[in-house]
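Colleague: This is the structure I want to talk about, given as structure tokens.
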Amino acid sequence: MIKSEVRRKMKDNLNSLTEETYRCYSERIHSQLFLTNCWKHAKTIATTISFGKEVDTTDIIKKAWKENKQVAVPKCIPGSHTMEFRLINSFGQIEPGYHNISEPVQDETRAISRSEIDLMVVPGVCFDRRGYRVGYGGGYYDRYLRNFNHHVVALAFSIQVVETVPFEEHDVPVPYIITEEKIIKCSIT
């Protein structure tokens, strides 16, 4: 199966989640994330602003601010298929960006380097237990993660974790996937 087909089928599965189930599962995932040492020790967290039926990140961002952590969100640079992370202090500093995904307002935020990020929360549509993921098709995170040396986790509903996903040589697997049921330590074996 090709990535675009996997992506389409999983989006259909996610859209079938009721609002109540979506909220409940997101809260369980948040609770598990907040108990991890990588969350507890992180001073700067990088995450997307969730959209659609992705695991909600709004409450994660609010919790980070409450705990005096810095929050950085990605800004895509489509011409080069790269992204940079920019610090936000409020949801008023975001606007619709690449593919209508919420991104930081450039004039109101500051870019940070990879080395300033302690914990990277990686989005995805579908994952396997080896940590490979099907994202949204731009390869932005794979490019960014190649030179990233700090903690990385993915958040996903258990229905998003499947036996295997198609991957290519340049894809970078995530080491951990946090679901509403458990934390999966990924293995490429």
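Colleague: Write down the percent of antiparallel bridges among all DSSP beta bridges whose residues are both part of the chain, to the nearest 5.
Modeller: Numbers: 18 of 31 bridges.
Beta bridges within the chain, antiparallel portion: roughly 60 percent.
Colleague: On a straight-distance basis, which aspartates and glutamates could pair with Lys40 in a cross-link, Cα separation under 18 angstrom, same-chain partners fewer than 8 positions away excluded?
Modeller: Hits, sequence-local ones excluded: Glu27, Asp59, Glu67, Glu116, Asp118.
Colleague: Determine the alpha carbon to alpha carbon distance for each of Lys53/Lys75; Lys3/Lys185; Lys3/Lys66; Lys11/Lys66 and list only those over 26 Å. Present the calculation step by step, with values, prior to reporting the outcome.
Modeller: Details: Lys53/Lys75 20 Å; Lys3/Lys185 23 Å; Lys3/Lys66 38 Å; Lys11/Lys66 32 Å.
In this structure, Lys3/Lys66; Lys11/Lys66 exceed 26 Å between Cα atoms.
Colleague: Can you give me the distance in nm between label points at Val105 and Asn15, each placed 7 Å from the Cα along the Cα-to-Cβ direction?
Modeller: Label at Val105, label at Asn15, 3.2 nm between them.
Colleague: Under the rule of at least 5 residues apart or a separate chain, name every residue whose amide H is placed under 5 Å from the amide H of Tyr176.
Modeller: For Tyr176, the qualifying residues are Ala154, Cys186.
Colleague: Using the Karplus curve 6.51 cos²θ - 1.76 cosθ + 1.60 with θ = phi - 60°, work out ³J(HN,Hα) for each residue of the stretch 7-16 in order, rounded to whole Hz, and write x for Gly and Pro.
Modeller: 4, 5, 5, 5, 4, 4, 4, 5, 5, 7
Colleague: About the Cα centre of the chain, how large is the charge dipole given +1 on each Lys and Arg Cβ and -1 on each Asp and Glu Cβ? Please answer in debye to the nearest 20.
Modeller: Values: 25 positive and 24 negative charges, 74 e Å.
Value, rounded to 20: 360 debye.
Colleague: Mind jotting down the distance between the C-alpha centroids of the stretch 164-183 and the stretch 33-61, whole Å?
Modeller: 17 Å
Colleague: Something else about it: In percent, how large is the relative contact order of the stretch 21-135, given Cα pairs closer than 8 Å and 6 or more residues apart?
Modeller: On the way: 169 pairs, mean separation 29.0, N = 115.
Dividing the mean separation by the residue count of the stretch 21-135 yields 25 percent.
Colleague: Multiply the residue separation of Ser90 and Arg146 by 0.36 nm, subtract the distance between their alpha-carbon atoms, and state the gained length in nm to one decimal.
Modeller: Computed gain between Ser90 and Arg146 is 17.3 nm.
Colleague: Once phi is turned into θ = phi - 60°, what whole-Hz ³J(HN,Hα) does the Karplus curve with 6.51, -1.76 and 1.60 give for every residue of the stretch 152-159, x standing for Gly and Pro?
Modeller: 9, 9, 10, 10, 7, 6, 4, 5
Colleague: Please report, for the Cα atoms of the stretch 13-62, the Rg to one decimal and the Dmax as a whole number; what are they, in angstrom?
Modeller: According to the Cα coordinates of the stretch 13-62, Rg and Dmax are 11.9, 36 Å.
Colleague: Apply the Debye scattering formula to the chain, with a single equal point scatterer on each alpha-carbon and no solvent, then give log10 I(q)/I(0) at q = 0.10, 0.11, 0.14 Å⁻¹.
Modeller: -0.36, -0.45, -0.75
Colleague: Which of the GluC sites (Glu not before Pro) found in the stretch 111-189 are in a DSSP loop and have at most 16 neighbouring Cβ atoms, other than their own, within 10 Å?
Modeller: Answer in residue order: Glu163, Glu168, Glu169, Glu181.
Colleague: To the nearest 500 deg cm²/dmol, what mean residue ellipticity at 222 nm is calculated for the chain from DSSP H runs of n ≥ 4 alone, each contributing -39,500 (n - 2.57), summed and divided by the residues?
Modeller: Per the formula, -8000 deg cm²/dmol.
Colleague: Also, quick follow-up: Report ³J(HN,Hα) in whole Hz for each residue of the stretch 32-44, in order, from the Karplus equation J = 6.51 cos²θ - 1.76 cosθ + 1.60 where θ = phi - 60°; Gly and Pro get x.
Modeller: 5, 4, 5, 8, 6, 5, 5, 6, 4, 8, 6, 9, 10
Colleague: Of the options Ile159, Pro173, Gln106, report the single residue whose Cα projects farthest towards the positive end of the charge dipole of the chain (beta-carbon charges: Lys, Arg +1; Asp, Glu -1).
Modeller: Toward the positive end, the furthest listed residue is Pro173.
Values quoted throughout were computed directly from the atomic coordinates according to the rules given, and no laboratory measurement underlies them. Note that this is a predicted model, so its numbers are computed, not measured. Note: ideal-geometry Cβ built from the backbone for every residue, glycine included; neighbour counts use all protein chains shown.
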